[in-house]
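Student: Pasting a structure below so you can have a look.
The values are calculated or read from the model by the stated rules, or taken from the named source; none is laboratory data. Bear in mind the structure is a predicted one, so any value in this text is a computation, not a measurement. Virtual Cβ from ideal backbone geometry, glycine too; neighbours counted across all protein chains shown. Surface areas here come from the heavy atoms of the whole protein model, side chains and all, with no ligands, DNA or RNA. Shrake-Rupley method; radii C 1.70, N 1.55, O 1.52, S 1.80 Å.
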Amino acid sequence: MMQHPALAVTGDERDAGRRLEKLLSDLLSEHRTLHQLVGAHREAIRKCDADAIRVCVEQHSAVLNRISGMEQERRALVAELSPGGPRRSIPTFSQLAEHIAEPWRSRTTELAKQLRELVERIAKDQRAVRLASQNLLTHMDGLVKQMVKTLSHSGTYTARGAVDGGGQQVMTGLDLTH
């Protein structure tokens with residue numbers, strides 16, 4: 001594995017190892033939750049269940065906020081483990097683990113590997129959800145256009161629901177004398 005040039009342990013390796021392991025475990029747990037939500041979101045789209053989709057989106061947002069907080073913790077841990085001076089890039093968990101004593105090195109390396117694989121699966125599944133969402137929106141748009149066309153027997157409205165100025169005129173009268 002390539003060494004990160006601006007990274008060295010400056011504090012207590014044991015404490016850093018424990019903190020890194022806990023952070024990775026917490027991130028892995030949140031990403032597992034995120035992965036389940038992506039599956040639930042896909043199923044809600046399949047069923048065209050608007051309430052379930054809304055719940056999934058809300059929960060998804062909450063999980064991403066927690067992950068964002070953990071990312072800030074990671075940055076703080078990197079800063080603690082890194083000597084002063086600017087860095088060109090932020091070290092990965094695996095690069096951090098290289099500077100941690102055993103048994104935390106092997107445990108954090110394995111957790112980092114699991115996290116990386118899960119993030120890749122989530123990205124793949126989210127692409128499928130995005131495609132399903134786009135297909136559902138296209139389908140719904142088509143249904144609306146069909147309804148407008150069917151309900152607008154006079155031809156006053158276009159398929160998009162806008163008033164059609166060039167269509168035929170409909171003459172209608174109402175006798176109010178009786």
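Student: Based on the Cβ-Cβ distance from Glu43 to Met147, what FRET efficiency comes out when R0 is 30 Å, to the nearest 0.05?
Tutor: On the way: r = 27 Å, r/R0 = 0.89.
Efficiency at R0 = 30 Å is approximately 0.65.
Student: Ranking request for peptides 16-29, 38-51, 120-133: highest mean number of other beta-carbon atoms within 10 Å first, then the rest in descending order.
Tutor: Going by the mean number of other Cβ atoms within 10 Å, highest first, we get 16-29, 38-51, 120-133.
Student: For region 16-107, what is the accessible area per residue in Å² when the probe is 1.4 Å? Please report the intermediate quantities before stating the final value.
Tutor: Numbers: 5110 Å² over 92 residues.
Spelled out: the 1.4 Å probe surface of region 16-107, per residue, equals 55 Å².
Student: Apply the Karplus parameterisation 6.51 cos²θ - 1.76 cosθ + 1.60, with θ equal to phi minus 60°, to every residue of region 55-66 and state each ³J(HN,Hα) to the nearest whole Hz, in sequence, with x for glycine and proline.
Tutor: Rounded to whole hertz, the list is 4, 4, 5, 5, 5, 4, 4, 5, 5, 4, 5, 5.
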